[in-house]
Every structure is written in C-alpha cells, then in structure tokens.
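Taking it in order: structure first as structure tokens, then the write-up.
Rule-based calculations on the coordinates, nothing more; no lab input. Note that the structure is predicted; figures quoted are calculated from it, not measured. A quick note on method: Cβ atoms are made from the backbone with ideal geometry, for glycine too, and the neighbour counts reach across all protein chains shown.
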C-alpha cells in the first residue's frame, strides 16, 4: 500500500489497534500488519512518532514496563482517545461510502 494513502488515517488506525488493549510499540506495528492482512506493514519511523504525537495530544498514555529483562513502553487509550476514535470511525464511514459510490458509479445513499 502506498504511504500517501495513509495520510489523515494513521492516527485512527493506531487508536483502533490500542482499543483492543494496551500494547508496546512493536506490538502495535504487528497488530496493524496482522489486522490488515499484511497491507499495513509500517516502519517504526512512521509509527513511533505518531504514537508520541498521540500521547502529547492526550489521546493515548504510556508507561514503562520491564518484560524479560527489557524495558519497553506500553501504550493505552485514554477516555479522550476513545471519544476521538468514535468520531474518526464516523468520518471514515462517510468518506469510504462516498469514495465507493464514485468509484463504483453507485448513487450516494439517501439520507433521512
């Protein structure tokens, strides 16, 4: 998948992965890869800065833990992050429906 297709969607993807439960950074990368059937195989240089940005924004929080003698940072959603994820899913649903309608030449669903 071309990286430019992720613009504007990476944060929502990371929040969705963390909704499944706390994870350390590399586990976030593995979950994105697994959940997307390998289509989202993102480099650490993309994911870690985004995690740090989400933490600064208060959407996720982290804590250091030691596992097997190695220190690693675990990330989890905050209540604010959960709310933003709900909003981002609604935005994505509307965007995906519109793009599918245009590309498949299907009429836009009528709104009530």
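Points to keep in mind about this one:
- Rounded tilt (10° steps) of 25-35 against the dominant C-alpha axis of the chain: 30 degrees
- For the chain, the longest principal axis of the Cα atoms and the long axis of helix 44-56 meet at an angle of about 90 degrees.
- Mean ellipticity per residue at 222 nm, deg cm²/dmol - from DSSP H runs of n ≥ 4 across the chain, formula -39500 (n - 2.57): -17000 deg cm²/dmol
- Helix 79-103 axis, angle to the chain major axis (alpha carbon atoms, nearest 10°): 40 degrees
- Relative frequency of Cα-Cα separations exceeding 17 Å in the chain, percent: 59 percent
- Size descriptor for the range 1-54, Kirkwood hydrodynamic radius: 11.1 Å (Cα pairs only, one decimal).
- Residue 39-residue 104 pseudo-label distance in nm [points 7 Å out on the Cα-to-Cβ vector]: 1.4 nm
- By average C-beta atoms within 10 angstrom, highest first, the peptides 50-59, 67-76: 50-59, 67-76
- Dividing the mean sequence gap of close Cα pairs (under 8 Å, 6+ apart) by how many residues the range 3-103 holds gives a relative contact order of 28 percent.
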